[in-house]
Amino acid sequence: MIGRRDAEKNNETLLRDEVSMSNEGIINKVASSGIITLDLEEMYPHGERVVFDIAPLLWEGIALKEKDFRETLKAHEWSQYQGKFVAVHCSVDAIIPTWAYMLVATYLQPHAAFVTQGDAEQMERAVFTRFVQQLDVEPYRGARIVVKGCSKMAVPLSAYVELSAKLLPEVKSLMFGEPCSTVPLYKAPKA
């Protein structure tokens, strides 16, 4: 196991050796190292996010009346969710039967690009989970991978954990950070 000091020393060496001079000119050792950088921000599934709140459809804000609920859903303009990522949620403390969430999903499914249950934060976790599950790991088999750590958007922590678990059996090594400054996480045992 590499300690923090060893990792810092390795990073300093990488930084110092990142660009070196040769007879042909400047050589970028990071670019020629064969390290593949995975940037979850670049892989982010784009699309408008919407939370469908059941709360306004409740009788007196506390209970769900099946007949009224069904009529309201039937009259609702579902095409407004075309191509959007939608989370079905109830923002008030009420007992909502499971079938109610399922019924909303049946109306959303023909229109929405993605449907899940939860609030906006839970939706982002679900979107990334689905993305990681569908990720083809074949291009990363036997490769040295750096999962980029700095991003402009908030990538859920769960995405990093799930990506690590998915890549681990396939990669030669797994690191976190930037190619010139990484935290080593895993190195496959030699055959």
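Only the coordinates and a few stated rules stand behind these numbers; no lab work does. Bear in mind the structure is a predicted one, so any value in this text is a computation, not a measurement. Counting neighbours? That spans all protein chains shown, and the Cβs are built from the backbone with ideal geometry, glycine included.
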Under 14 Å, Cβ to Cβ, from residue 91 - net charge with Lys/Arg +1 and Asp/Glu -1: -4
Just rank 152, 84, fewest to most, by other beta-carbon atoms within 10 angstrom. 152, 84
What does the charge count near residue 174 come to, summing +1 for each Lys or Arg and -1 for each Asp or Glu among other residues with Cβ under 9 Å from its Cβ? +3
Under 1.5 on a/c is rounded, so check that first for the range 49-128, then, if it is not, pick prolate when a/b is larger than b/c and oblate when it is not; a ≥ b ≥ c are the square roots of the alpha carbon gyration tensor eigenvalues. oblate
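Taking the Cα centre as origin and putting +1 on Lys and Arg beta-carbons and -1 on Asp and Glu beta-carbons, what dipole magnitude results for the range 49-128, to the nearest 20 debye? Numbers along the way, then the final one.
Numbers: 7 positive and 10 negative charges, 57 e Å.
I would put it at about 280 debye.
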Arranged by the count of other C-beta atoms within 10 angstrom, fewest first, what order do 74, 148 take? 74, 148
Pull up all non-local amide H partners of residue 40: gap of 5 or more, or a different chain, and H-to-H distance under 5 Å with H placed in the peptide plane. 148
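Tally the DSSP beta bridges in the range 53-175 and give the antiparallel ones as a percent, rounded to 5. Could the numbers behind the result be given before it?
Details: 1 of 9 bridges.
Just about 10 percent of them are antiparallel.
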Ranked by Cβ crowding within 10 angstrom, fewest neighbours first, how are 181, 91, 158 ordered? 91, 158, 181
